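Report on the structure given below.
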Amino acid sequence: MNEKEIKNAMQRSKSDGFRVMFDEYWSYAYTIVYNTLRGVASRSDIEDCTADVLSDVALSYNAEREGSLKAYIGTSAKRRAIDMKRSLSSKKKVPIDDENSPEFPSDVDLEAKAESSSISAILLNKIEELGEPDSSIIIQKYFYDRNSAETARILGMNPITVRSRLRRALKKLKAALTDMDITL
């Protein structure tokens, strides 16, 4: 079933549209969530996150106004998985015990790693603040390594428009990061 048929099914009946979307895009959403959460979450957590993504899409996606359903699902899955990864990572506590505390190799710069992680979180937040479709374009380009033609097809846009919006979005992002004294 193609995307247009799924959108039509979603417009006719929410429950039928959800079933069709679920069957068609479960593997796609699961793959994105799994790649983000592997090593951090259990299989059950990954499946729950995937189900939450598809439920959110079914409730919030407007087939008349929104662009590509697949891009919407992909972006939603990536964002939800990142949020879950942050949540799960913050819950893990390491017991402090001088006798059994892990030894870190001296060549590991923990401060630099922590700063890099903090900058990554700020960067992702600033990308999200750009709004749609700019944030999706940047995510498709730099997280999924897609060219403008692929991104345009996914988002239902013209490749020239994608390149133009990407250029403008990167300027806005650079200005926002410069205001925070962050250079990449």
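The values are calculated or read from the model by the stated rules, or taken from the named source; none is laboratory data. Since the model is a prediction, treat every value here as computed from it, not as a measurement. Glycine gets a Cβ as well: all are built from the backbone with ideal geometry, and neighbour counts include every protein chain shown.
The set of residues from the range 53-87 being at pLDDT 85 or above, surrounded by 17 or more Cβ atoms within 10 Å (Cβ to Cβ) and among the polar types (S, T, N, Q) comprises 75, 76. When 59, 37 are checked against the criterion of being outside the structural domain of residue 143 (by TED's automatic domain parsing), over 21 Å from residue 89 (Cβ atoms) and not basic (Lys, Arg), a single residue qualifies: 59.
Output the residues belonging to the range 139-152 that are under 13 Å from residue 74 (Cα atoms) and of a type in the set (A, V, I, L, M). Passing the criteria: only 139.
For the range 31-45, state whether one or more residues are touching a residue at least 40 places away in the same chain (Cβ under 8 Å) and assigned to a loop (DSSP other than H, G, I, E, B). Yes: the range 31-45 contains one or more residues that are touching a residue at least 40 places away in the same chain (Cβ under 8 Å) and assigned to a loop (DSSP other than H, G, I, E, B).
Would you check if there is a residue in the range 170-183 being assigned to a loop (DSSP other than H, G, I, E, B), among the hydroxyl-bearing types (Ser, Thr, Tyr) and at pLDDT below 85?
Yes, the range 170-183 contains a residue that is assigned to a loop (DSSP other than H, G, I, E, B), among the hydroxyl-bearing types (Ser, Thr, Tyr) and at pLDDT below 85.
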